[in-house]
Amino acid sequence: MKVLVTGAKGQVGEAVARLLDGHQVTAHDRASLDLEKPDDIRWCVRDAHPDVIVNAAAYTAVDRAEAEEDRARAVNAIAPGILAEEAKRAGALLIHYSTDYVFDGELDRPYLETDATRPLSAYGRTKLEGERAVAAAGGRHLILRTSWVYAPRGRNFMLTMLRFAAERDELRVVDDQRGAPTSADQLARATVALLDAARETSGIYHATASGVTTWFGFAGAIFEARRRKLGEAFRIPALVPIATADYPTPAKRPRNSVLSNAKLENVFGVRLGDWREALDEALSALPG
Ligand SMILES: NC(=O)c1ccc[n+]([C@@H]2O[C@H](COP(=O)([O-])OP(=O)(O)OC[C@H]3O[C@@H](n4cnc5c(N)ncnc54)[C@H](OP(=O)(O)O)[C@@H]3O)[C@@H](O)[C@H]2O)c1
């Protein structure tokens with residue numbers, strides 16, 4: 001299969017491009033395809049004649065998006081719409097990623113694909129617009145909403161916590177936002193499994209790791225796993241649970257980010273696996 005991947009230097013894009021063994025992959029990073037340039041997107045897809053487009057590029061700076069909503073919209077909403085039009089024209093399947101941040105987090109159970117959306121942030125708004133643009137193009141598409149993505153590379157919570165652990169004696173971490181940390185490799189493996197499975201079925205699917213924690217719980221698990229691997233050589237800082245209200249950020253985040261993955265499992269038989277096992281796998285890929 002010919003697969004065009006965007007965002008190939010991001011966490012998920014890198015993992016997808018790496019795991020697409022046996023396929024003919026054209027991988028674009030921002031330097032070779034800037035999603036803020038609509039004509040370049042059209043040209044690029046027409047040149048590649050793909051069977052599948054995996055759009056892993058996104059404007060993911062959640063707090064910065066509050067001040068740069070138009071730029072976020074260009075990448076997260078307008079570009080996916082163009083990719084979807086071009087995918088339809090090429091008869092290709094578009095796999096596009098979205099986010100738990102399309103919800104307001106006020107429900108006290110895992111979110112279903114059919115639950116009402118109400119983004120709290122500019123990032124969430126632009127990602128929701130992206131979902132709608134992809135669906136409106138009318139071609140074959142899968143929108144995979146995921147959450148709390150991390151990898152042994154890139155910008156993410158896991159690497160930030162490890163950096164802070166080396167610099168600080170005490171860390172204050174938010175303990176009243178719940179979600180499922182999802183490794184880029186877990187999501188990439190699911191994506192690869194869907195290439196064959198998803199020929200006819202369009203729609204939105206939740207695709208996160210199983211299990212639930214808070215940012216505080218995630219930080220603790222990262223440090224415990226690192227200690228198991230490195231022993232006393234890894235110094236665990238004191239962890240202090242705090243409320244969201246004690247850590248104000250420009251963008252508001254949902255209190256409950258937990259997504260139900262039942263639809264993905266029932267329709268395609270695809271599960272991403274437990275978040276703790278994937279954390280061990282991601283940590284073992286780090287040097288030292
Ligand atoms: N990260 C999370 O916690 C999270 C949570 C839920 C959903 N998601 C979704 O999952 C998907 C993958 O995210 P990720 O975690 O892999 O994000 P990431 O690591 O930030 O990667 C996104 C990639 O997109 C690229 N990009 C940004 N603007 C671009 C442009 N104008 N043209 C071309 N490329 C551009 C970035 O390049 P630069 O590095 O040059 O900026 C980066 O390589 C996204 O759809 C995201 O919204 C992520």
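Which residues, taken from the range 147-183, are outside any strand (DSSP E or B) and closer than 17 Å to Asn256 by Cα? Result: Ser147, Trp148, Asp175, Asp176, Gln177, Ala180, Pro181.
Taking residues in the range 128-155 that are modelled with pLDDT under 95, and partners anywhere that are within 11 Å of the ligand (Cβ to nearest atom) and among the aromatic types (Phe, Trp, Tyr), not one pair has Cβ atoms closer than 8 Å while being at least 6 places apart or on different chains. If the condition is being among the basic types (Lys, Arg) and closer than 15 Å to Val174 by Cα, then the range 215-252 contributes only Lys252. The single condition among (1) over 28 Å from Ala77 (Cβ atoms); (2) within 11 Å of the ligand (Cβ to nearest atom) that Leu144 does not meet is (1). Considering Ile222, Ile242, Ile204, the condition of being over 24 Å from Phe103 (Cα atoms), of a type in the set (Val, Ile, Thr) and touching a residue at least 12 places away in the same chain (Cβ under 8 Å) is satisfied by Ile222 alone. Can you spot a residue in the range 110-122 that is buried (at least 20 other Cβ atoms within 10 Å of the Cβ), touching a residue at least 40 places away in the same chain (Cβ under 8 Å) and among the small types (Gly, Ala, Ser)? Yes, the conditions are met somewhere in the range 110-122.
The residue that is surrounded by the fewest Cβ atoms within 10 Å (Cβ to Cβ), counting only those in the range 153-180 that are within 14 Å of the ligand (Cβ to nearest atom) and more than 17 Å from Ile242 (Cβ to Cβ), is Arg155. Just one residue in the set Arg163, Arg178 is without any contact (Cβ under 8 Å) to a residue 40 or more places away in the chain and more than 22 Å from Arg73 (Cα to Cα); that residue is Arg163. Consider the range 52-71 and keep the residues that are among the β-branched types (Val, Ile, Thr) and assigned to a loop (DSSP other than H, G, I, E, B). The one that is nearest to the chain's Cα centre (by Cα) is Thr60.
Filtering the range 3-17 to residues that are closer than 22 Å to Asp47 by Cα and either of a type in the set (A, V, I, L, M) or surrounded by fewer than 22 Cβ atoms within 10 Å (Cβ to Cβ) (or both) leaves Val3, Leu4, Val5, Ala8, Lys9, Val16, Ala17. Filtered by the rule that a residue be more than 9 Å from the ligand (Cβ to nearest atom), assigned to a loop (DSSP other than H, G, I, E, B) and either touching a His at 6+ places or on another chain (Cβ under 7 Å) or at negative phi (or both), the range 1-30 gives Met1, Leu20, Asp21, His23. Pairs are defined by a Cβ separation below 6 Å, a sequence spacing of at least 6 or placement on different chains, a first member in the range 51-64 that is closer than 19 Å to Ala17 by Cα, and a second member that is among the basic types (Lys, Arg) and surrounded by fewer than 22 Cβ atoms within 10 Å (Cβ to Cβ); the pairs so defined are Asp51/Lys2. Just one of the listed residues (Val62, Val54) is among the aliphatic types (A, V, I, L, M), buried (at least 21 other Cβ atoms within 10 Å of the Cβ) and within 13 Å of the ligand (Cβ to nearest atom), namely Val54. Among the residues in the range 72-90, are any surrounded by fewer than 18 Cβ atoms within 10 Å (Cβ to Cβ) and either within 11 Å of the ligand (Cβ to nearest atom) or not in a helix (DSSP H, G or I) (or both)? The answer is no, given that none of the residues of the range 72-90 is surrounded by fewer than 18 Cβ atoms within 10 Å (Cβ to Cβ) and either within 11 Å of the ligand (Cβ to nearest atom) or not in a helix (DSSP H, G or I) (or both).
The values are calculated or read from the model by the stated rules, or taken from the named source; none is laboratory data. Here the structure is a predicted model, which means the values were calculated and not measured. Cβ coordinates were reconstructed from backbone atoms using ideal geometry, including for glycine residues, and neighbour counts include every protein chain displayed.
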